[in-house]
Amino acid sequence: GILSLFTYSGMALTNLALGYLNYATRIVFKSAKIIPVMAFSVIIVGKKYSWKEWLSAAILVLGIVLFTLGDVAASPAFAPVGVLLIAAALCIDAICANFEEKNFFRCENPSTTQEVLCFASLIGTGYGLVSLFASGAWKAAVAHSMQYVQVVPMIMGFSVLGYLSVSFILSLIKYFGATEAEIVKSLRKVRCFRW
C-alpha cells in the first residue's frame, strides 16, 4: 500500500505541476531527479557515493538541462507553486524508487518485478478510482470515451506499453539499483526529446 501511495502521489503532483509549468520546465526538473534519488539512497538504502559520483550526477543533470533548454522553442515557465509541486513530486519519486530497492529487491526474500508491479498497480488503481469518483471527474471521462470511442483501445494499448516500461524500470532497480535506473531514465528523456 505504501508503494502505491508514493507512486500515485508522485504522478498526481507531477500532473498538478503541469498546470503551472510548461513541458520544457517539467523535463528540466525531472531530469534532475538523479540527485534526490542518490540523496534518498544514502538515507533509505544506506549507499555511499564518492564525491566523483556526486560530481558526475551533477554534470549529467547540467548537460541534460542545457540540452533540453537549447532544443525547445518555448522558454521555461517557473511559476512558484508549479516549482514546489514538481519538487515534491521528485522527492516522492526518489523515495519510491529507493523504497522499492530496499523493501522488495534488497531483502531476504526478494519479490519479482511482476509481483511488485501487480500489487502496486492494483492498489494504485484503487486510489485513482477513489479520487476519480470523489471529484466527480468520472462523468466527464465516460462522456469523452462515449463521444470518442477510439480513445478506449488507445488507452488499453498505452497501458500495455506502460506496463512494459515500468517492468523494465523495476528490473533495472532490482538488478542495478535505483540510482542506476534513474541514470537510464534521464538518458532516455534526452533521446525522446531529440526525436
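The values are calculated or read from the model by the stated rules, or taken from the named source; none is laboratory data. These figures come from a predicted structure and were not determined experimentally. Every residue, glycine among them, receives a Cβ derived from its backbone with ideal geometry; neighbour counts consider all protein chains shown. Quick note on the areas: whole protein, heavy atoms, side chains included, nothing else; ligands and nucleic acids left out. Shrake-Rupley method; radii C 1.70, N 1.55, O 1.52, S 1.80 Å.
Residues in segment 109-158 that are aliphatic (A, V, I, L, M), within 23 Å of GLY10 (Cα to Cα) and either open to solvent by less than 100 Å² (accessible area, probe 1.4 Å) or at pLDDT 90 or above (or both): VAL116, LEU117, ALA120, ILE123, LEU129, VAL130, LEU132, ALA134, ALA137, ALA141, ILE155, MET156.
Table: residues versus (1) assigned to a helix (DSSP H, G or I); (2) modelled with pLDDT under 85; (3) open to solvent by less than 40 Å² (accessible area, probe 1.4 Å).
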residue: MET11; (1), (2), (3): yes, no, no
residue: THR14; (1), (2), (3): yes, no, yes
residue: VAL28; (1), (2), (3): yes, yes, yes
residue: MET38; (1), (2), (3): yes, no, yes
residue: LYS48; (1), (2), (3): no, no, no
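Would you check if TYR175 is exposed (fewer than 12 other Cβ atoms within 10 Å of the Cβ) and at pLDDT 85 or above? For TYR175, the condition - exposed (fewer than 12 other Cβ atoms within 10 Å of the Cβ) and at pLDDT 85 or above - is met.
The residues in segment 94-108 that are open to solvent by 60 Å² or more (accessible area, probe 1.4 Å) and either in contact with a Leu (Cβ under 9 Å, 6 or more places away or on another chain) or in a helix (DSSP H, G or I) (or both) can be counted, and the count is 2. One residue stands out in segment 53-81 among those that are modelled with pLDDT under 75 and outside any helix (DSSP H, G or I): the one that is surrounded by the fewest Cβ atoms within 10 Å (Cβ to Cβ), namely ALA73. The condition (being part of a helix (DSSP H, G or I) and touching a residue at least 24 places away in the same chain (Cβ under 8 Å)) is satisfied by just one residue among LYS185, LYS139: LYS185.
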